[in-house]
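The values are calculated or read from the model by the stated rules, or taken from the named source; none is laboratory data. The structure presented is a predicted model; accordingly, all values stated were derived computationally and were not measured. Using ideal geometry, Cβ is built from the backbone for each residue, glycine included, and neighbour counts are taken over all protein chains shown.
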Amino acid sequence: MLPIDAAAHSSRWRHRHPVDKAVLGLGLTVLAISLPPWPGAALVLVTALVVMLGPAGVPARRLWRAYRVPLGFCVTGALPLLVQVGAPDHFVALADGGPVRAGELLLRTSAASLGVLLLAFTTPMSDLLPRLVRAGVPAPVVDVALVTYRMSFLLLDSVRRIREAQAARLGHSTRAAEWRSLAGLGATAFVRAFDRAARLQDGLAGRGYDGTLRVLVPEARVSVRFTAAGAALLAALAALTFVLRSVLERPL
Amino acid sequence: MVPVSQETGQGTSTIHEVLERVCSAMHIAEGFLPPAHAIAWSVASAPFVVHGVRSLTREVKEHPESTLLLGASGAFTFVLSALKLPSVTGSCSHPTGTGLGAVLFRPPVMAVLGTITLLFQALLLAHGGLTTLGANVFSMAVVGPWAGYAVYRLLRRFDVPLMVTVFFGAFVADLSTYCVTSVQLALAFPDPSSGFPGALGKFASIFAVTQLPLAVSEGLLTVFVMRLLTQSSKGELTRLGVLVTGGRTKGGADAVADTGTEAVAR
């Protein structure tokens, strides 16, 4: 199982309805990209961190391991904003206001990522996917996504084992061997995926498969109190942002 | 795109490795695009995804057993993007998998499978994002597969050998994905003095050093995988339409030879 999904399955909010968590998590993300980065995104970032490490009980170490990936992209993507091309004196020069723009982008992106991570760290995909049908996603697409989701873990495990076996047979000792091993790995993943699908199909056909994959979805009800509290928090964040912004912009 | 250790939760990664992956992945991170751009790219991707969803739904209704094969294809696409790819320059990265996916499953299906894969990557691996899903879908699940598939079909029409067409299909799919991402970023963040062209130059040059060799690497890997598949999975490739059993008469009769499977253009 992937680390984020494993954390979601053991989350304190595991049994809450996905809508409860989506309102809060995706709401924070929308606020992060809609509000002025300073102080809006900064407030969203702090709020998301407090909610995740506090009430949601997300382990800090796991959060950092997941969070550093988008953070790396943000840093790389923000670097070009520091320079400008085609200035009159120099072809490449430091951009006026570049550090501010890069800082704002970093703030906005890092805050928005945390909002999505809040949803991801508290909601397993197996809870989310079947409910997408009610959101209007065609059932066949959700079924394909469910099969993809469940088969991905098995395939990833197979790939890891095959890599270990290849390494034990000096499959990564030279550049040529590495390419051979990698090609074998890709081809074997394909063969295993289709073999598993064929066996699943045989098994389901024996059980009267009619084209619908019926899965048990854990019972959960939308909590009006939780959702209202989440919406109130979002509204308070937006209001606080505009109040702080007017205070910060006021001349001393 | 993503390291094996990240998926399995095993091993550790240095910041350098993370940056390297992130640079090579070219997923646009959550919140990176302004709201108007995020919405615009979602609108641009929507017709392709809807078209793919309709063809997938029709396929599943006609052949219910396709659900499992399509799910397996999605899982294969997801796992393919997790393989570590040795670059010809000596570094390593992860393939986009769009070229091989387009050749095997065709672009409309890849639009759906790519969207599902990107959604999983956003929620399970923190790669990409939900507000930037439209932009990432446009580059990785629409332009990449269509560009790669167009080159593949074009070369097949001129009777170029299968493996050469597969190489160029994967190469173009990989490169076009990165070009579109650079355009998306340049449109969102134009250069203060030179505007969009300057910004495009900046974003493209950051990734150009690594992406050209990586596109070559992905092309080579796709050829190697396809060579093995033509040896081990003729049945599946024939079912997917990549291979057609030899001996078919010109009139399209069902006279198909038992042996001599060969690759022909679809």
Item to check | Boolean, A:ARG131 is out of contact with any Leu (no Cβ under 7 Å at 6 or more places or on another chain), more than 9 Å from chain B (Cβ to nearest Cβ) and touching a residue at least 24 places away in the same chain (Cβ under 8 Å) | outcome: yes
Next on the checklist: Suppose we filter A:ALA197, A:ALA183, A:ALA176 for residues that are more than 17 Å from B:LEU123 (Cβ to Cβ), out of contact with any strand residue (DSSP E or B) (no Cβ under 9 Å at 6 or more places or on another chain), crowded, with 20+ Cβ neighbours inside 10 Å and free of Cβ contacts under 8 Å to residues at least 40 places away in the same chain; which single one remains?
Outcome noted: A:ALA183
Checklist outcome for this item: In the set A:LEU170, A:LEU154, A:LEU204, the lone residue that is more than 7 Å from every other protein chain (Cβ to nearest Cβ) and part of a loop (DSSP other than H, G, I, E, B) is A:LEU170
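Each row is one residue, and each column tells you yes or no for (1) among the hydrophobic types (A, V, I, L, M, F, W, C); (2) within 15 Å of A:ALA120 (Cβ to Cβ).
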site	(1), (2)
A:ARG12	no, yes
A:PRO18	no, yes
A:THR29	no, yes
A:GLY40	no, no
A:ALA48	yes, yes
A:PRO59	no, yes
A:ARG62	no, yes
A:PRO70	no, yes
A:GLY98	no, no
Checklist outcome for this item: Only one of A:THR47, A:THR76, A:THR29 is at pLDDT below 90 and at negative phi, namely A:THR76
Checklist outcome for this item: By residue number, the members of region A:90-109 that are in a helix (DSSP H, G or I), within 8 Å of another protein chain (Cβ to nearest Cβ) and not basic (Lys, Arg) are A:GLY98, A:LEU105, A:THR109
Checklist entry - Does any residue in region B:213-224 that is within 13 Å of B:GLY101 (Cα to Cα) come within less than 6 Å, Cβ to Cβ, of a residue that is part of a helix (DSSP H, G or I) and β-branched (Val, Ile, Thr) six or more places away or on a different chain, and which pairs are these? => result B:THR222/B:VAL166; B:VAL223/B:VAL166
Item to check | Which numbered condition B:ALA204 misses (of (1) assigned to a helix (DSSP H, G or I); (2) among the small types (Gly, Ala, Ser); (3) within 9 Å of another protein chain (Cβ to nearest Cβ); (4) surrounded by fewer than 19 Cβ atoms within 10 Å (Cβ to Cβ)) | outcome: (3)
Item to check | Failed item, numbered, when A:ALA232 is tested on (1) in the same structural domain as A:HIS15 (by TED's automatic domain parsing); (2) in contact with a helix residue (DSSP H, G or I) (Cβ under 9 Å, 6 or more places away or on another chain) | outcome: (2)
Next on the checklist: If a residue must be surrounded by fewer than 20 Cβ atoms within 10 Å (Cβ to Cβ), more than 16 Å from the chain's Cα centre (by Cα) and touching a residue at least 40 places away in the same chain (Cβ under 8 Å), how many such residues does region A:18-38 contain?
Outcome noted: 3
